[in-house]
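What follows is calculated from the coordinates using simple rules that are stated; it is not laboratory data. Keep in mind that what you see is a predicted model, and the values were worked out from it rather than measured. A quick note on method: Cβ atoms are made from the backbone with ideal geometry, for glycine too, and the neighbour counts reach across all protein chains shown.
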Amino acid sequence: MRRPNDISAAGLLPRVEGGIGKAGGGTARPGWREGLRGMFLFQVANSFAEQFGWNFLFLYAARSGLDYNGIALYFLAEFGSCILFIPLARRLDILKAMRWGLVLRIAAFALVLHVAWAGQFYIAGILLGAFVTLFWIPYNTRYLELTSDANRAQASAALFSLFAVLGAVLPVLSGTVIALWGFRPVILVSIAVLAGGLAFSFRLPPAGIMVVDLRATLPCCRRLLPLLACEGLWQGVFWLGVPLGLILRNASSEGYGAFYTMLGLLGGVASLVAGRWSDRQKSRGPLVVGAALSGGAFSLAAALFRADPAAWTLSMGMVYFSTYILFPFTFTVVGERSPDPATAMTVRELVTSIGRVLGGLIVVLSIRLTGGLPLALGAGGLALVGLAGSYMMTRRKGAGRRAQGARPDRRRAKLA
């Protein structure tokens with residue numbers, strides 16, 4: 001448990017008003033299970049739209065005439081605009097912001113329902129950047145507030161398993177629908193589910209207001225920046241590299257969906273491993289470092305065996321498995337090492353978005369120089385190795401601060 005932060009109390013660090021307190025306590029807040037259950041149910045609609053519809057927009061863009069540069073520009077528009085939007089989000093009503101986020105996601109889907117101009121995808125990407133700011137930062141802030149140091153890793157594994165379960169079922173179903181009837185039914189179903197989630201959100205109780213001043217808070221999280229930058233860089237490589245890799249291999253919609261379903265199944269198994277480890281082991285370090293190094297090794301293997309479809313698929317699947325074990329714990333350490341939930345999630349989203357843009361640019365460079373993803377996958381593997389080192393340094397410094405705080409003041413003892 002961290003010591004109270006006097007700067008935060010003075011109002012110089014971000015705060016959350018209306019019932020949201022400091023993250024990182026050792027005791028769970030009363031009613032946390034009910035609060036998380038409501039947030040998870042709210043999340044189902046968004047995750048459904050992500051897995052069933054939005055992951056296929058890369059394929060949709062390719063079949064609408066965009067080359068890999070155009071598809072990458074759509075990806076960069078999303079996270080580049082996110083970098084610009086985050087500093088503007090200084091004061092947000094958590095539930096209202098999340099509702100507006102879903103509205104923007106619905107608008108992005110509606111914008112590409114009928115494609116007459118490639119620029120529609122870029123505008124949709126910008127809308128998604130605003131969605132990430134308005135939905136994910138408040139959502140994760142509320143999540144951190146509802147959990148504690150004692151249960152956060154377990155709850156994070158449950159949250160990640162939700163994505164994995166949906167990811168194991170929906171992509172193959174969506175791929176089949178696209179093969180039979182095209183992209184429009186997938187988009188319409190996604191819009192309908194998001195509208196249902198939006199309606200459900202009005203049944204949730206108020207969640208407070210978050211206030212953030214990035215200029216004052218970013219220096220306080222500087223020790224987390226290398227870890228977050230490595231995580232974001234890997235995400236940029238993988239999130240753009242997987243769909244482009246499948247498109248470059250001329251995957252059908254069924255094959256595209258089946259690949260994402262495989263990733264979802266592996267993610268579900270990884271979530272179980274992470275949850276079981278969290279229940280039985282006090283030390284997360286060996287699992288986190290092992291998962292990061294394993295993911296890095298398999299990413300390098302995918303780069304080396306790119307000419308063999310079976311070996312490439314297996315390697316990419318194992319990268320996903322490793323990172324699904326890894327990221328619930330890196331999410332947890334960010335919450336533990338930040339002054340409060342709003343700080344943790346705002347800085348996390350900003351720095352990882354910068355890393356995602358860099359990772360996306362590396363993917364474009366790799367395709368331009370080699371005609372494929374070997375350079376990008378190599379960079380992603382090195383990012384995971386760097387993440388392992390950053391995680392251990394973060395944990396070591398945190399342990400040092402706790403030990404220093406617990407050490408008796410010998411000079412004072414002598415005077416007494």
Everything considered on the Cα gyration tensor (a ≥ b ≥ c; rounded for a/c under 1.5, else prolate if a/b is larger than b/c, else oblate), segment 209-345 must be described as prolate
Provide the gained length on full extension for the span Lys96 to Leu173, in nm with one decimal, where the gain is 0.36 nm per separating residue minus the Cα-Cα distance. 24.5 nm
In nm, spacing of pseudo-spin labels at Leu382 and Ala216 (7 Å Cα→C-beta vector): 3.9 nm
Where a ≥ b ≥ c are the square roots of the eigenvalues of the C-alpha gyration tensor, would you call segment 177-258 rounded, which needs a/c under 1.5, or, failing that, prolate if a/b is larger than b/c, or oblate? oblate
Distance in nm between Leu304 and Asn250 label points, each 7 Å along Cα→Cβ, equals 2.9 nm
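Mean 1/r over all different Cα pairs, inverted: what Kirkwood radius does segment 30-99 give, in Å?
15.0 Å
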